[in-house]
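In what follows, a structure is listed as C-alpha cells, so that the remarks can point back to it.
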C-alpha cells in the first residue's frame, strides 16, 4: 500500500489482489477519533458510492501481465530520468551521524557530521532495503511468452518495490491525463493537405 501525493490529489494506492475486497469494505465505514471527531469513510475512486459523505481516496491496482509491465516501465523511466531521489546509503552514517559534505578543498581535516534522529535513520535503512529489493527483481519469460517480474529466490521480498512501482504508475497515469488535456485544448488547424 502506498500513499501518493500529487498537487491537490491524495490517493491511497493498494494491491487489490494482496489485500482483497475486505480492505475497501473496511475503509468504507466512518471512523471516530479518540477525541470524538467523526471522519468520513474512504471508497474506491473508480466506483460510484451510495455513501453521501464518502471520499474517493482509494486507488485499487489489480495486477496482471499488462499492469505489471506498465509498473516496471514507469519505474524504470522515473529512475532513468532521476525524477525519484533516493537517500544516500546508510553506510554514510557513522555513530549516529551523517556526513553533510565531503569537500576535499576545505581547511578542516574531518568532514562535518550532522546528528540524526531515529526517524531519519529509519529513512536511510528503508531506502537501503528498497534498493536491495530492487536488485533482487528478475525478469522471466513465462510459457505463454509474456514477461513476469519476481524475486530471484522464494525467501526474498518485493513489497517495497511493488509499493513504489504502484505509486509511480499512478503518477504516470495522472501525467498522461494532463498531457491529453493540454493537447486537446490546443486544437486548431495543424496543416492543410490538398490533392490536385
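Derivation of every value follows stated rules applied to the coordinates shown; laboratory data play no part. Just so you know, these numbers come straight off a predicted model, no measurement behind them. All Cβ positions, glycine included, derive from the backbone under ideal geometry; neighbour counts span all protein chains shown.
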_Can you compute the modelled spin-label distance between residue 21 and residue 65, with each label point 7 Å from Cα toward Cβ, in nm?_
2.7 nm
*Could you rank the peptides 12-22, 76-86 by their average count of other C-beta atoms within 10 Å per residue, with the highest value first?*
12-22, 76-86
*Label-point separation in nm, residue 138 to residue 193, each point 7 Å along Cα→Cβ*: 4.9 nm
*asked:* I need the P(r) histogram for the stretch 1-62: all alpha carbon pairs, bin width 10 Å from 0 out to the longest distance, whole percents.
replied: 22, 50, 27, 2
*Determine, for each peptide in 178-184, 26-32, 165-171, 132-138, the mean count of other beta carbons within 10 angstrom over its residues, then list the peptides with the highest first.*
165-171, 132-138, 26-32, 178-184
*the stretch 112-144 to the stretch 39-96: how many Å between their Cα centroids?*
16 Å
*Return the FRET efficiency for the residue pair residue 31, residue 81: r is the Cβ-Cβ distance, R0 is 45 Å, and the value is rounded to the nearest 0.05.*
0.70
